[in-house]
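Accompanying notes for the structure given below.
Bear in mind these aren't lab numbers, they're just calculated from the coordinates by the rules spelled out. Worth saying up front: this structure is predicted, and the values here are computed from it rather than measured. FYI the Cβ positions are ideal-geometry reconstructions off the backbone, even for glycines, and counts take in every protein chain you see.
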């Protein structure tokens, strides 16, 4: 799975960080644990090594059914490896549920990316939401979740839009906002199963 057969005879001191991490994971998996504790398993690794380790962990979990507990501040690992998430702030559980539910619960805005016909964006986009980016005929708006359909309806009626997308904000931005605002629910019930 880890594609490290050629490394088995090489001294550890000669291995790159990514290669050492793969070997350490293999050593942790040798005894087929029922629970695998992972603390920021890809921090400091290049993008290729991160993707390889994430892929291998997902495959190992799918094949062996091992429970994995991941602690991380690195949201790409969380998005790649976790279906259930616990967010803890100052020892209090803020959220316990599906990964997708974090954005629904704490992300009050959607990101609307618009590409208009012509060479510029309309001058009055601020009335629809926060303009976070404007370049040539492209603009990004942060729009309250409850107003997305209404805002898009008005924009599509008024202007010629050649391309658009609606996205949740990146997970790291949502989590950062949760911590910045210090949102702590008195008692958090598990959401989902």
Virtual spin-label span in nm between residue 142 and residue 168, 7 Å along Cα→Cβ: 1.7 nm
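Work out the FRET efficiency for residue 27 and residue 180 from their Cβ-Cβ distance, taking R0 = 41 Å, and round it to the nearest 0.05.
Details: r = 39 Å, r/R0 = 0.94.
Using R0 = 41 Å, I get an efficiency of 0.60.
Rounded, prolate or oblate: which fits the stretch 5-82, taking a ≥ b ≥ c as square roots of the Cα gyration tensor eigenvalues, rounded meaning a/c under 1.5, else prolate when a/b beats b/c? Let's see the in-between values first.
Working: a/c = 1.95, a/b = 1.24, b/c = 1.56.
Oblate, because a/c is 1.5 or more while a/b does not exceed b/c.
Computed FRET efficiency, Cβ-Cβ of residue 84 and residue 55, R0 22 Å: what is it to the nearest 0.05? Mind dumping the intermediate values first?
On the way: r = 20 Å, r/R0 = 0.89.
After rounding to 0.05, the efficiency reads 0.65.
Fewest Cβ neighbours within 10 Å first, please rank 13, 84 accordingly. Don't jump to the answer; show the numbers that get you there.
On the way: 13 6, 84 13.
Ascending number of Cβ neighbours within 10 Å: 13, 84.
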Centroid-to-centroid separation of the stretch 131-153 and the stretch 1-62 [C-alpha atoms, Å]: 41 Å
The extension gain from residue 159 to residue 119, computed as 0.36 nm times the residue separation minus the Cα-Cα distance, is 13.1 nm
In degrees, nearest 10, range 0 to 90: what is the angle between the Cα axis of helix 17-29 and the longest Cα principal axis of the chain? 60 degrees
Starting from the Cα of residue 93, step 7 Å along the direction of its Cβ; do the same at residue 149; then give the gap between the two resulting points in nm. 3.3 nm
